[in-house]
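Data first, discussion second: the structure below is written as structure tokens.
Just so you know, all these numbers are worked out from the coordinates, no wet-lab data involved. Given the structure is predicted, the values throughout are model-derived calculations rather than measurements. Here the Cβ is made from the backbone with ideal geometry for all residues, glycine too, and neighbour counts use every protein chain on show.
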Amino acid sequence: MHDQQPTCRLCGASRLESLGTIAPGDFFAGRVLPKPIAGGQLWRCVDCDSLFRDPILTPDAYRELYESGAAGQWIGDSGRQDLEVVGSVVLSHAGAVRVLDVGCGTGDFLASLPGTIEKFGIEPATGAAGEAARRGISIAAPTLDDLPANARFDVITIIDVIEHIPDPAAFLERAFAHLERGGLIVISTGHAQIPVWRRLFRSRFWYSSFPEHITFPSLGFYESWAQARNGRVASVTPTRYRALPLWKSAVFLLIQGVYWVSPHFLDWAGRSLGMLMRSPKPRRQHFSPGVGGLFVDHWIVAIRGPS
């Protein structure tokens, strides 16, 4: 880690705006950490308009944390609206026969696709990968780097993954190398350009509070990346993460508001509740406002490769 202002991890530019300090976190991939991870700063790149956290851990440190994560952390949430959109985009591609889901978790999304589709997954968490394999999904490799060079797919889905990646351009390049001509890369992630995030809550927005979430590309980044490879952004669909009843929306708004005013108060409330409920140890000391579905703060970006 370092104290100097960084350059943009997405485009290399040096003109940055700080959106504030991110609170530390001690819950990663479903496990309580023995010591918290410092939050660092949330930065906005003036040139490409993307957001990113800095400083971050080393690639080896992240890989170790993911590999030791709890398998249950990657089970798909019920009522996911973003997954419905991803599924419709995949099925709208006439040539969707072989589908690869990068970061497939326990295989919930792939299992939702029709049986006529050949389903492949990439998953570094051994527990989650084992569960996906038991559901009939072919685990192609733990990471894109380990995927055989000649492997090709009609559609590659990247769901809840790009925000975990230090270098999205290089990551997408590795995925692109395995895409059939005219195929689709479908990305579902946080919507990095909504005003409620960058203008109101800034570094205290729920989505950037998780230690795993470090990079938030803009639409301009995706468009520039695709054009440089003779591809194009085929569609962009903003969506909520999930549907919420009114009462839960009210509770989530309160939690997000408390975190905005004082992350320390949310930590105190979380620790107090843990002691009151006699939660098993180790107990979390730092809490993130997991309020997915409160805002239209996700988008599905489909990139079509050259024909």
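Summary table
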{"item": "Cβ-based exposure ranking for ILE194, ILE117, in which fewest neighbours within 10 Å come first", "result": "ILE117, ILE194"}
{"item": "Relative contact order of the chain, pairs being alpha-carbon contacts under 8 Å that are 6 or more residues apart, as %", "result": "22 percent"}
{"item": "Solitary cysteines of the chain, where the nearest other Cys Cβ is not under 4.7 Å", "result": "CYS104"}
{"item": "Qualifying aspartates and glutamates (Cα of each under 18 Å from Cα of LYS248; at least 8 residues distant if same chain)", "result": "ASP77, ASP297"}
{"item": "Hits among aspartates and glutamates - C-alpha to C-alpha of LYS35 under 12 Å, sequence gap 8 or more where chains match", "result": "ASP26"}
{"item": "For the chain, built as a Gaussian network whose Cα springs stay under 10 Å, the top-fluctuating residue of SER224, SER288, SER279", "result": "SER279"}
{"item": "Dimensions in Å of the chain - Rg and Dmax from alpha carbons", "result": "19.0, 60"}
{"item": "Neighbour cut-off at most 14 other Cβ (10 Å), DSSP loop, GluC sites (Glu not before Pro), segment 76-132", "result": "none"}
{"item": "Segment 101-188 - percent relative contact order, Cα under 8 Å, separation 6 or more", "result": "29 percent"}
{"item": "Among LEU219, LEU179, LEU91, residue whose mean-square fluctuation peaks in a GNM of the chain (springs only between Cα atoms under 10 Å)", "result": "LEU91"}
{"item": "Restricting segment 260-290 to trypsin sites (Lys or Arg not before Pro) in coil, as DSSP defines it, with at most 10 other Cβ within 10 Å", "result": "ARG278"}
